[in-house]
Structure formats: structure tokens, C-alpha cells
Amino acid sequence: MIRAAVEAKLYDVVLTSYNFKQDHHLEVQKAIGEAAQAGLGIVAMKTQAGVYWDKEKTTPINMKAALKWALRDTNVHTAIPGFTTLDQLQTDLDVLRDSNLTDDEKRSLEAPKLAGFFCQGCDQCLDPCLGRLPIPELMRSFMYAHAYRNREAAQALLLELALPESPCGDCGECPVRCAQGFDIRQRVRDIMRLRAVPREFLI
Ligand code: SF4
Ligand code: SF4
């Protein structure tokens, strides 16, 4: 998509996911290098890679390190990490003042290897899914609800998808294997419950 944007000669800016957790981050790095060389501005998103390493949210990703990781690429002109608290804003401002990735920070991005919340949009799960579910979108809704605690956005996305009440209901064993190690069936079941929750209870 990034290369197509360059070839189209229509666009000024590329907004792309870019983080240390992407299996294909070297490919993204190469493509944004080509786009920057062609004069496009590069905005990195999803730099915090889902915020937590684990679904139970006991192990946060090192936010400073994750943002520095994206910004150390000189072809990235800016990033758009979201924040909802002053502490988070302060963390991002600290990175503006000093974006050098220390050895400790590098190590913090290497371990532990847990699935976390970030769906890298590789679409590997689509063909094996017997119910032809839009799994990347469902995993994005799951991340909004559980990692970002933005249940309104999560529910809005679910409503857009207009799926049956129990989309995994007719399957025996689930043949889907996620590249990031998500238990897809369990997450689909979990997030679908949110659709029926009245909006006034989502605050
Ligand atoms: S259990 Fe759900 S995720 Fe797995 S194949 Fe069936 S519909 Fe797809
Ligand atoms: S395989 Fe996993 S990481 Fe890849 S698109 Fe599907 S849910 Fe996302």
C-alpha cells in the first residue's frame, strides 16, 4: 500500500502502523524509506504496539522505549501515540526531549514474548477461518476494549461489522492460528459480549 501511494503520485503523507512487534517491520521500514525518499511525509501509528504484553494487563510494554523505537527511524517524521492521562502525555514529552534508545530500553522490547493486544493485520487468519470472520477487525475491537479501555470505540466497531450473535457457534475445533499468538476463538467470544451492552453502561 505504501509503495502504491508513492507510485500514484497523488499523496503527500503516509499514515502507517509501525512498531517493534510487527513481524514484518523490516519490510515497513524499507517501504517508508522509499516513500520518504519520494518526498512523502511519514506518520507512524500503533507505535505502542497494544500497550500491554499480556491479556491480563499485568505487564505493560515500555512506552518510552516503544515510541523511541519508531522515532529512531529518521524516515519517520512524526508519530501519533494516543494518551488519556497526564502521565502518558508526560511520557511522550520525555521522548521528545531525549529520543535515544538505551540498551535497557532495547532489552525491554525483546522480552517477554507474550501475545499482547496488537494485531499486525497480516491476514494469515482469514483463509483458515471457517466462519469467514473479519478477525483483524475483531482483534482491533478487543484491543480498544481491553488495552485502551475505550469500550465505546470497541462497540461501535462491532456494530459496524454486523456479525451474528455467536459467530464461532457452528465450529468444532478452531483451525485458526494467529501469527501473534492470540487465542482467536476465545477473544472473539469475549469481545462479542460487548455488543449487547447498553451504551450508557460503557462509560
Ligand atoms: S471458531 Fe471462530 S475463529 Fe475459529 S474458525 Fe470458527 S468462526 Fe473462525
Ligand atoms: S493472524 Fe493474528 S496478527 Fe495476523 S491478522 Fe490475524 S489476528 Fe491479526
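The values are calculated or read from the model by the stated rules, or taken from the named source; none is laboratory data. The structure presented is a predicted model; accordingly, all values stated were derived computationally and were not measured. Note that we place each Cβ from the backbone using ideal geometry, even for glycine, and neighbour counts take in every protein chain shown.
For the range 154-200, how many residues are of a type in the set (Gly, Ala, Ser), touching a residue at least 12 places away in the same chain (Cβ under 8 Å) and under 26 Å from Trp53 (Cα atoms)?
3
Just for the range 116-152: of the residues that are among the aliphatic types (A, V, I, L, M) and surrounded by fewer than 16 Cβ atoms within 10 Å (Cβ to Cβ), which one is nearest to the chain's Cα centre (by Cα)?
So the residue we want is Leu126.
Looking for whichever is outside the structural domain of Gln180 (by TED's automatic domain parsing), within 20 Å of Asp123 (Cβ to Cβ) and free of Cβ contacts under 8 Å to residues at least 12 places away in the same chain here; the options are Lys30, Lys9, Lys46, Lys21. Which one fits?
When all the criteria are applied, what remains is Lys30.
Could you look through the range 147-203, keep only residues that are of a type in the set (Gly, Ala, Ser) and more than 18 Å from Leu130 (Cα to Cα), and pick out the one that is nearest to ligand 2 (Cβ to nearest atom)? It would help to see each step written out before you state the result.
Applying the first criterion (of a type in the set (Gly, Ala, Ser)) to the range 147-203 yields 147, 153-154, 156, 162, 166, 169, 172, 179, 181, 196.
Going one step further and asking which of them are more than 18 Å from Leu130 (Cα to Cα), we end up with 147, 153-154, 156, 181, 196.
On the way: Ala147: 14, Ala153: 18, Ala154: 15, Ala156: 20, Gly181: 8, Ala196: 23 Å.
That would be Gly181.
Given the condition in a helix (DSSP H, G or I) and over 20 Å from Ala66 (Cα atoms), answer yes or no: does some residue in the range 9-25 qualify?
Checking the range 9-25: not a single residue is in a helix (DSSP H, G or I) and over 20 Å from Ala66 (Cα atoms).
Give the residues of the range 153-173 that are over 19 Å from the mean Cα position of the chain (by Cα) and of a type in the set (S, T, N, Q), sorted by residue number.
Selection gives Ser166 alone.
When you check Ala65 against the structure, is it part of a helix (DSSP H, G or I) and either under 24 Å from Met143 (Cα atoms) or modelled with pLDDT of 95 or more (or both), yes or no?
In short, yes.
Would you say Asn75 is at pLDDT 95 or above and of a type in the set (S, T, N, Q)?
Numbers: at pLDDT 95 or above: yes; of a type in the set (S, T, N, Q): yes.
The answer is yes for Asn75.
May I ask you to say which residue of Ile61, Ile2 is among the β-branched types (Val, Ile, Thr) and touching a residue at least 40 places away in the same chain (Cβ under 8 Å)?
Ile61
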